[in-house]
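Take a look at the structure set out below.
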Amino acid sequence: MNSQTTPTNYSIETENLSLWYGDFQALIDVNVKIPDGQITSLIGPSGCGKTTLLRCFNRVNERYGNVTTKGKIEILGKNIYDADVSLPELRKSVGMVFQRPNPLPISVYDNILFGLRIHSPVRSITQAESDQIVEEALTSVFLWEDLKDKLKVRATSLQLEQQQKLCIARLLPLKPRIILMDEPCSALDTKGTFAVEELMEVLAGTYTFLIVTHNMAQARRVSKECIYMFLGELIEHGETQALFETPQHPKTADYVQMRYG
Amino acid sequence: MAIFSMTRPELRKKIALQGIAFIIVGAAFIFLWNTLKKTQAANIQTPSSSRISGTLPSLLSDLNLILPISLLAVLFGVAFAFYLEEWLPTTSKVRSFIESQVAFFVEIPSLLYGLLAITVLFSYADVSKEIGTPPIQNINEAGLAAIPLQHNIAMFYAETLVFIFMVIPVAIKTTQEALRSVATPIRESAYVLGANHWQVLANRVVPLALPRILAGGCRAISRSLAVAALLIGVHIPGTRGIPDRFMLFLGGALLLSTISSFLIEIYVPATARHG
């Protein structure tokens with residue numbers, strides 16, 4: 001997919017990435033390579049920088065004034081801290097799903113078209129096109145059957161599971177390459193969790209997923225590779241099964257075998 | 001070149017657009033200010049004859065004096081609050097300084113501003129004596145005593161200063177609170193879809209914060225109306241209707257505060273529920 005710029009298919013590569021919130025160093029020399037087109041999970045105890053690392057990849061962190069970043073992040077072969085990077089375009093390629101479903105307080109239909117509308121000139125999308133885009137997006141997250149009669153309903157009044165799926169669906173019309181997920185299932189029940197995981201597995205070939213999770217079973221179920229972080233440092237990165245069954249680092253072993261804390 | 005980098009023409013276009021917007025806004029403010037100064041200075045006249053010293057003419061003449069300045073001040077305050085809240089980082093020293101000053105000015109009762117206007121600014125401008133004894137020969141056919149123009153301008157500045165110190169902090173404070181009331185997840189959900197700052201403001205933040213911003217503007221203007229009650233006393237000394245007008249303006253202020261609190265009650269919970 002991206003072989004012109006990088007020899008191996010890595011979506012995200014970081015080099016000595018360090019990040020400070022004021023005086024507090026949240027990330028310490030993180031070097032990671034995230035392969036293209038599969039699900040990678042980030043695990044670790046609370047406050048160890050998983051979410052911070054995730055939020056570096058679409059530069060949402062910078063909205064807070066006291067963040068300092070050093071090092072290099074290459075996404076699809078391009079250093080995202082270069083001066084000529086346009087944030088809207090970066091965020092178009094790197095979508096994000098949050099812990100709590102946060103659809104915009106407008107209708108389901110408008111939610112899905114929101115991203116597309118802000119990226120295209122006024123009235124450049126016809127009614128027929130937008131109908132088709134909405135149908136495609138909802139079909140690919142298995143919501144079309146449930147919601148085809150409720151397109152004008154306010155998105156915040158849906159069930160949580162549907163809201164979270166809608167949050168994934170509204171990224172799809174922008175044709176992102178990478179989807180970042182920050183504990184996408186922590187607000188959902190077992191059924192909802194299962195539905196979102198199933199959806200991720202179906203979409204994994206097309207998009208690169210990076211998922212932060214506290215649920216070890218989930219990391220084991222869905223991800224192909226797994227990253228363990230502890231106090232801002234990347235401790236171990238490897239195949240999920242190997243990391244869980246034969247961890248190389250004692251800290252990882254403590255955590256995955258529940259001896260941590 | 002990667003898919004998300006910005007090309008040089010795009011950058012140039014962005015910078016040019018920002019420059020043009022800056023010039024337009026600046027020119028609009030200067031134009032408004034000059035028009036106000038001209039029209040207001042010509043309009044400050046004191047009714048000295050009983051023919052027009054009813055409730056309605058003085059009500060209208062004082063509204064004519066107060067509303068344009070207050071509206072301009074509210075506009076400026078809202079714009080300034082947007083700059084503080086949306087563009088200055090939270091760690092900025094300038095921001096914390098301005099916020100502490102605003103908090104100080106908001107807490108001063110509006111009555112004190114009126115006293116300030118009368119005692120300090122008006123005596124400094126040496127206008128109060130002139131108004132107190134309008135020269136008889138200056139009374140025109142409408143029964144209005146024309147005040148010399150340079151005094152009008154001095155008075156205009158004095159009043160404007162008071163109104164600005166009184167209205168702008170309230171507008172800044174309420175607008176800031178309104179902007180903060182829009183939950184972070186809503187902003188972030190728009191940001192991660194690739195919206196730029198202006199699009200997030202126009203599409204998401206302003207629609208949700210608008211009722212609160214309007215109510216804040218209403219509050220700011222009602223505050224200026226409350227102090228207007230005192231200024232009327234300065235404008236028309238020696239006429240009989242002062243107590244009536246005083247009550248009228250206090251009533252007007254009370255009404256506006258009630259309306260603004262109703263606005264908050266009715267509209268804000270409705271939007272906050274979905275926020």
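The values are calculated or read from the model by the stated rules, or taken from the named source; none is laboratory data. Given the structure is predicted, the values throughout are model-derived calculations rather than measurements. Note that each Cβ is placed from the backbone with ideal geometry, even for glycine, and that neighbours are counted across all protein chains shown. To get the accessible areas, we keep the full protein, side chains included, count just its heavy atoms, and leave off ligands, DNA and RNA. Shrake-Rupley method; radii C 1.70, N 1.55, O 1.52, S 1.80 Å.
Among the residues of the range A:130-162, those that are among the polar types (S, T, N, Q) and either under 18 Å from A:Phe194 (Cβ atoms) or in contact (Cβ under 8 Å) with a residue 40 or more places away in the chain (or both) comprise A:Ser140, A:Thr156, A:Gln159, A:Gln162.
In the range A:58-77, the residue that is farthest from the other protein chains (Cβ to nearest Cβ) out of those that are touching a residue at least 60 places away in the same chain (Cβ under 8 Å) and touching a helix residue (DSSP H, G or I) at 6+ places or on another chain (Cβ under 9 Å) is A:Ile73. Inside the range A:131-148, residues that are over 23 Å from the mean Cα position of the chain (by Cα) and either open to solvent by less than 10 Å² (accessible area, probe 1.4 Å) or modelled with pLDDT under 90 (or both) make up a count of 4. Scanning the range A:14-36 for residues that are open to solvent by 40 Å² or more (accessible area, probe 1.4 Å) and either closer than 12 Å to A:Glu74 by Cα or in a strand (DSSP E or B) (or both) turns up A:Glu15, A:Asn16, A:Trp20, A:Tyr21, A:Phe24, A:Gln25, A:Ile28, A:Asp29, A:Asn31, A:Lys33. When the residues of the range A:151-167 are filtered to those that are outside any helix (DSSP H, G or I) and away from every other protein chain (no Cβ under 14 Å), the one that is nearest to the chain's Cα centre (by Cα) is A:Gln159.
If the condition is being touching a strand residue (DSSP E or B) at 6+ places or on another chain (Cβ under 7 Å) and either loosely packed, with under 14 Cβ neighbours inside 10 Å or without any contact (Cβ under 8 Å) to a residue 40 or more places away in the chain (or both), then the range A:239-261 contributes A:Glu239, A:Leu243, A:Pro247, A:Gln248, A:His249, A:Lys251, A:Thr252. Summed over the range A:37-72, residues that are over 13 Å from the mean Cα position of the chain (by Cα), crowded, with 18+ Cβ neighbours inside 10 Å and either among the aromatic types (Phe, Trp, Tyr) or not in a strand (DSSP E or B) (or both) total 4.
With respect to (1) within 14 Å of another protein chain (Cβ to nearest Cβ); (2) assigned to a loop (DSSP other than H, G, I, E, B), the lone exception for A:Leu188 is condition (1). For the range A:218-261, what are the residues that are in a helix (DSSP H, G or I), under 17 Å from A:Gly49 (Cβ atoms) and not hydrophobic (A, V, I, L, M, F, W, C)? Across the range A:218-261, the qualifying residues are A:Lys251, A:Thr252, A:Tyr255. All told, A:Gly115 meets the bar of being part of a helix (DSSP H, G or I), within 9 Å of chain B (Cβ to nearest Cβ), open to solvent by less than 10 Å² (accessible area, probe 1.4 Å) and in contact (Cβ under 8 Å) with a residue 24 or more places away in the chain.
Starting from residues that are in contact (Cβ under 8 Å) with a residue 40 or more places away in the chain and of a type in the set (A, V, I, L, M, F, W, C), keep the ones in the range B:180-204 and report whichever is nearest to the other protein chains (Cβ to nearest Cβ). Top of the filtered list is B:Ile186.
This table checks each residue for (1) open to solvent by 70 Å² or more (accessible area, probe 1.4 Å); (2) in a helix (DSSP H, G or I); (3) modelled with pLDDT of 75 or more; (4) not assigned by TED's automatic domain parsing to the domain that holds B:Ser222.
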{"site": "B:Ser61", "(1), (2), (3), (4)": "no, yes, no, no"}
{"site": "B:Ala81", "(1), (2), (3), (4)": "no, yes, yes, no"}
{"site": "B:Glu86", "(1), (2), (3), (4)": "no, yes, yes, no"}
{"site": "B:Pro89", "(1), (2), (3), (4)": "no, no, yes, no"}
{"site": "B:Val94", "(1), (2), (3), (4)": "yes, yes, yes, no"}
{"site": "B:Val102", "(1), (2), (3), (4)": "no, yes, yes, no"}
{"site": "B:Val106", "(1), (2), (3), (4)": "no, yes, yes, no"}
{"site": "B:Gly114", "(1), (2), (3), (4)": "no, yes, no, no"}
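With respect to the conditions (1) assigned to a helix (DSSP H, G or I); (2) under 15 Å from the mean Cα position of the chain (by Cα), A:Val202 falls short on a single one, namely (2). Every condition in (1) free of Cβ contacts under 8 Å to residues at least 24 places away in the same chain; (2) crowded, with 19+ Cβ neighbours inside 10 Å; (3) farther than 26 Å from A:Thr213 by Cα holds for A:Ile80 except the one numbered (3).
Name the residue that is farthest from A:Phe114 (Cα to Cα), counting only residues in the range B:153-181 that are modelled with pLDDT under 85 and touching a Lys or Arg at 6+ places or on another chain (Cβ under 8 Å). So, considering only residues that are modelled with pLDDT under 85 and touching a Lys or Arg at 6+ places or on another chain (Cβ under 8 Å), the one farthest from A:Phe114 (Cα to Cα) is B:Ile153. Considering the conditions (1) small (Gly, Ala, Ser); (2) open to solvent by 10 Å² or more (accessible area, probe 1.4 Å); (3) in contact (Cβ under 8 Å) with a residue 12 or more places away in the chain, A:Ala217 is excluded by exactly one of them, (3).
Scanning the range B:172-231 for residues that are surrounded by 19 or more Cβ atoms within 10 Å (Cβ to Cβ), hydrophobic (A, V, I, L, M, F, W, C) and outside any helix (DSSP H, G or I) gives B:Val182, B:Val192, B:Leu193, B:Ala195. Take A:Tyr81 and tell me if it is hydroxyl-bearing (Ser, Thr, Tyr) and within 27 Å of A:Leu188 (Cα to Cα). Criteria not met by A:Tyr81.
The criterion of being surrounded by fewer than 21 Cβ atoms within 10 Å (Cβ to Cβ) and in contact with a helix residue (DSSP H, G or I) (Cβ under 7 Å, 6 or more places away or on another chain) does not hold for A:Leu210.
A single entry from A:Ala155, A:Ala204 fulfils the requirement of being open to solvent by 10 Å² or more (accessible area, probe 1.4 Å) and of a type in the set (Gly, Ala, Ser): A:Ala204.
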